[in-house]
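*Asks:* Submitted below is the structure of interest, expressed as structure tokens.
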């Protein structure tokens, strides 16, 4: 490891390694510049993989700023990172690794995939989730809250689910497990709209979403009421969820 006092020092280390490669002393294999693209946890360094001539054993050297190393080693950041990494690996096992991505688009994509994955067609079968390019287009037309979703504050709040004609056969919802991440994400939905649906289909989806929400907050004193608001080219169904329980007021 090279602990550098300044970024100029880090550049000099890189220059020396490059010169050693040009002279045939070492063979540079690959690099990963996390100064330019920090990890999801905010860590920054530069990793260099190299080998010696005639030897296939690959070594790694880490170039890090001294102040970042101090924060990690002496101010408790390494312990926090351990917790963060364990949580990230858990999310990855559950299929929610996108929630810890540094890209806000990636987090929104994961949230929308989760919501769309709960939609069922008229036969009770799961609806197909769009491919990445189409999914990104749908992400752009959804209604997102200004602040992160409560109570975890860990991901963007999905408030308006906007469906197009590709979901014209959507007729219901699969009930997510209580207290699951999917349940927390769906809990933030308060509005469904579509330019490709007819009124009966959206009405069915609204009723189904009400049922999902009611089951998730079973035992609370709240109630869900659906109102309908018409616009010129789109039908919107607004779901007002009224809870008196402080812990569930965002459900």
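All of the numbers you see were taken from the coordinates with simple rules; none came from a lab. What you are looking at is a predicted structure, and each value in this text was computed from that prediction instead of being measured. Positions of Cβ are generated from backbone atoms using ideal geometry, with glycine treated the same way; all protein chains shown enter the neighbour counts.
*Asks:* Can you tell me the order of 129-140, 58-69 when each peptide is scored by its average per-residue count of other Cβ atoms within 10 angstrom, highest first?
*Replies:* Packing order, densest peptide first, comes out as 58-69, 129-140.
*Asks:* Taking 0.36 nm per residue of separation and subtracting the Cα-Cα distance, what length does fully extending residue 101 through residue 47 add?
*Replies:* 17.4 nm
*Asks:* Can you tell me how much longer the chain between residue 60 and residue 136 gets when fully stretched, taken as 0.36 nm per residue apart minus their C-alpha distance, in nm with one decimal?
*Replies:* 23.7 nm
*Asks:* Work out, step by step, the length gained on full extension between residue 71 and residue 180: first 0.36 nm times the residue separation, then minus their alpha carbon distance; give nm to one decimal.
*Replies:* Length difference between fully extended and current span is 35.9 nm.
*Asks:* Quick one: compute the contact order of region 2-74, relative version, from alpha carbon pairs under 8 angstrom and 6+ residues apart, as a percent.
*Replies:* Once divided by the residue count of region 2-74, the mean separation gives 35 percent.
*Asks:* Can you put 22, 164 in order of Cβ neighbours within 10 angstrom, beginning with the fewest?
*Replies:* Arranged by neighbour count, lowest to highest, 22, 164 become 22, 164.
*Asks:* I want to check the label-to-label distance for residue 86 and residue 16. Put each point 7 Å from Cα in the C-beta direction and report it in nm to one decimal.
*Replies:* 3.8 nm
*Asks:* Separate question: Determine one quarter of the surface area of the Cα convex hull of region 1-81, which equals its mean projected area, and express it in nm² to one decimal.
*Replies:* Averaged projected hull area, Cα only: 5.8 nm².
*Asks:* Give the calculated FRET efficiency between residue 128 and residue 159 to the nearest 0.05, with a Förster radius of 30 Å applied to their Cβ-Cβ distance.
*Replies:* 0.80
*Asks:* Rounded, prolate or oblate for region 85-142? Axes are the square roots of the Cα gyration tensor eigenvalues, ordered a ≥ b ≥ c, and the cut-off for rounded is a/c under 1.5.
*Replies:* Oblate.
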